[in-house]
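The values are calculated or read from the model by the stated rules, or taken from the named source; none is laboratory data. Keep in mind it's a predicted model, so treat the numbers as computed, not measured. To get the accessible areas, we keep the full protein, side chains included, count just its heavy atoms, and leave off ligands, DNA and RNA. Shrake-Rupley method; radii C 1.70, N 1.55, O 1.52, S 1.80 Å.
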Amino acid sequence: MDMKERRELCNHKSTSKAPPPTRAMFFSAYWPHAVYAAAITSLSIHLVTTRRAISDDHARVEARTSILNSITEQLRSDTPLSKEELERLKKLAQLPKEGDIDPTKTVELKWTDVIFRRKPNLKDGELSDWDKKDIANFQREAEK
């Protein structure tokens, strides 16, 4: 093929009158990929949070087991175990009670508050947990 034939092929215009591409045509070509990407991302985030929850539970059970093993070793040994130490270890080994966590004590938090770093709405005069901790730390430092 010589240069003249190539130019003719490049300059040749189609005689068919195809409609110009619209937004719907572009959208329809890519929407399955967007849905698949969102689904895969959602599944991966779910799996990561599940894996972290399982590892936290496993660590909690291992901690309880080690505490209980240390209690049994100390009780079997000849050295006496103080009651305060035994109570402290028993308290550490106990599962959290249902009453310790108050499910009704929730703060309504919106995504806009998180994005714009707004503090949650509290009743007048009510302090958040973090503010209470800061005040307690400040009082401890002032007493020293």
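Numbers at a glance
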read-out	value
In sequence order, calculated HN-Hα J values of the stretch 65-82 (Karplus, 6.51, -1.76, 1.60; Hz; x Gly/Pro)	5, 5, 5, 5, 5, 5, 5, 5, 5, 5, 6, 7, 6, 7, 6, x, 9, 5
In Å², nearest 10: area of residue 84 left accessible to a 1.4 Å probe	140 Å²
Across 110/133; 91/132; 83/144, pairs whose alpha-carbon gap is larger than 28 Å	83/144
Solvent-accessible surface (1.4 angstrom probe) belonging to residue 118, in square angstrom, nearest 10	130 Å²
Probe 1.4 Å - accessible area at residue 33, Å² to nearest ten	120 Å²
